[in-house]
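Notes for the one structure printed next.
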Amino acid sequence: MSACPALFISAPASGQGKTTITAGLARHHARMGRRVRVFKTGPDFLDPMILARASGTAVQSLDLWMVGERACRALLAEAAGSADLILIEGVMGLFDGTPSSADLATTFNVPVVGVISAKAMAQTFGAIAFGLAHFRQGVPFHGVFANRVGSARHAQMLEDALPGGLRWMGHIASASDIELPDRHLGLHQAGEIADLDARIDRAADALAGTPLADLPASIDFGEASHEAMPRLLDGMQIAIARDAAFSFIYPANVTLLEKLGARVAYFSPLADEPVPAAADALWLPGGYPELHAQTLSRNTVSAAAIRAHARAGKTLIAECGGMLYLLDTLTDIGGTRTPMLGLLPGHATMQSRLASLGMQQINGKHGAMHGHTFHYSRMETTMTPLTTAVCAQSTAPGEAVFRTGSIVATYMHGYWPSNPAFTAALFHGEAF
């Protein structure tokens, strides 16, 4: 059996400081010489970058729908076989979403700590803590931790407000040199925060003397599975754009490509690097092309190589920001319109309002591919959708999927391990 100490870090809502606390806790235990594996609940690319920096290991996603219970258990069991501590950061509030963080924690019996931002709050802290602990029976609630506390006296008021039976896990002060900066899609990318390690270290220092830093009880996650994967992409080289403009990449997606037999190579459009000449297929993942549009428009080497790849009839998969890069133009939030690659007809415009958010699936010849959508842009195009994704919790239509020549493009971010056969067919141009 694979047993390992584990803790689930959740909160009553987004913006409470879950990532800061999880990252600080991971760094604290890593500095103690422990091997720490961190997971992130739900679809997320930004928090895992921070958590990977804090722990020193790649951060995988856990979600009972997108990843699936069986695959989640396999990931946890594999981690438990080599780790001294597993930390799972929740998504949104503890009970938000279907499935929720509470569902995930309960399924695997991982004790939950509620991180509550106590700024401008006193006795109400106790009411929120009580609600988290008792809103639903069966959730393995472990205790509460106070974030953004103003003083020692404030901390004492918060602890005194807790009803009997609720465990106080400590507190951390409100500090601008610990908080993580954010923007429209979430936290800044790890590589964009110049003093990230110093911020994580300060969080680790502040947590070191709290009950939260105590090693939790071990959880049995069962036996790790070692199923062989059919090498459906054997011999294929897949080029992946990876830099600050194209960084929304699930580590599990890359691992799957390699297990299927593909050779993976990276290049940077921001650095004006060409697509590797031997590439049979190309993946342009999501990211922030809107923040780097001017640079991308000037980088002719990358542009020429991507256009040549597409015109040679080689597979090109583009997700969200990668799709925007293929359009005729992209207009940023300030109204500046910039030429893009012109491989897909249409233009996209960034807006201040969220355009789409939620779990979706795409159906193809090999069944369903799970994933999610999250973007602030709207696109106008003359393309007719090849198919349309379906929302996870309803039959409402989701994102359009477009195919032009060898290009397949959509706003939806696919979690490829949800259907390896679909993934292989996608790169062979035979998914639909």
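Key figures for this structure:
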item	result
Filter result (without any contact (Cβ under 8 Å) to a residue 60 or more places away in the chain and not in a loop (DSSP other than H, G, I, E, B)) within region 217-238	Gln237
From the options Ala310, Ala318, Ala389, Ala304, residue that is over 25 Å from the mean Cα position of the chain (by Cα), crowded, with 18+ Cβ neighbours inside 10 Å and not polar (S, T, N, Q)	Ala310
Candidates Thr382, Thr395, Thr423, Thr387 - the one that is of a type in the set (Ser, Thr, Tyr), in contact with a strand residue (DSSP E or B) (Cβ under 7 Å, 6 or more places away or on another chain) and not assigned by TED's automatic domain parsing to the domain that holds Ala74	Thr387
Residue in region 271-279 that is among the acidic types (Asp, Glu) and out of contact with any strand residue (DSSP E or B) (no Cβ under 9 Å at 6 or more places or on another chain) present	yes
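The values are calculated or read from the model by the stated rules, or taken from the named source; none is laboratory data. Since this is a predicted model, take the numbers as computed values, not measurements. No Cβ is skipped: glycine too gets one built from the backbone with ideal geometry, and neighbour counts run over all protein chains shown.
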